[in-house]
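Please treat every number below as a calculation from the coordinates, not as lab data. All of these numbers come straight from a predicted model, not from anything done at the bench. Don't worry about glycine lacking a Cβ; one is built from the backbone with ideal geometry, like all the others, and counts go over all protein chains shown.
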């Protein structure tokens, strides 16, 4: 479970950085003004802030694993949409990129609160600090690992390639999470089977 949190957090923060790496090239190719770029950069933050509370509600009512399942797929899909801006021009490109960034921010809002929820449910009190430190460090590992890679992609293949590659990696992470969810659900069902005494053992993270 901790490995899953690290993978998701790493991709989550790397995906956020795509516009920072590709931004200068996008600004040059589409001849966008600093004001237009400012709106595009702010789009993610606006939706991320606005969707924190709804994201927390979804986590509480549907469980962390299910929300992760859809969140990863959606933000990866919207990342790919950002690459499609290369086929547009002018104001249409600006509005499409703004909308895509807004949707990415909304889709990425649940995972970090979900990390805290999963840590609380799956790790004993004495280990939660270490678990939190490990998945929190993934946000900085993401920049260290992916910033040079994304920079090379922009240099060699253009700004669109960053969004396509990161979206593809996100879809791969989605497949990994689906497998992890199935493993956890199977483990939980085995733990909940009646014992010889007729009592059901409590499964860790049953409501996660």
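Numbers at a glance
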| quantity | calculated |
| --- | --- |
| Segment 85-104 residues that are without any contact (Cβ under 8 Å) to a residue 40 or more places away in the chain and on the phi < 0 side of the Ramachandran plot, paired with ones that are part of a loop (DSSP other than H, G, I, E, B) and surrounded by fewer than 19 Cβ atoms within 10 Å (Cβ to Cβ) (beta carbon under 7 Å, 6 or more apart) | 96/88 |
| Meets criteria (in contact (Cβ under 8 Å) with a residue 24 or more places away in the chain and on the phi > 0 side of the Ramachandran plot) for residue 158 | yes |
| Filtered residue count, segment 66-108, keeping only those that are surrounded by 23 or more Cβ atoms within 10 Å (Cβ to Cβ) and assigned to a loop (DSSP other than H, G, I, E, B) | 1 |
| Residues (within 15 Å of the chain's Cα centre (by Cα) and under 26 Å from residue 37 (Cα atoms)) located in segment 96-131 | 100, 101, 102, 103, 104, 105, 106, 107, 108, 109, 110 |
| Flag for residue 11 being under 30 Å from residue 127 (Cβ atoms), assigned to a helix (DSSP H, G or I) and without any contact (Cβ under 8 Å) to a residue 24 or more places away in the chain | no |
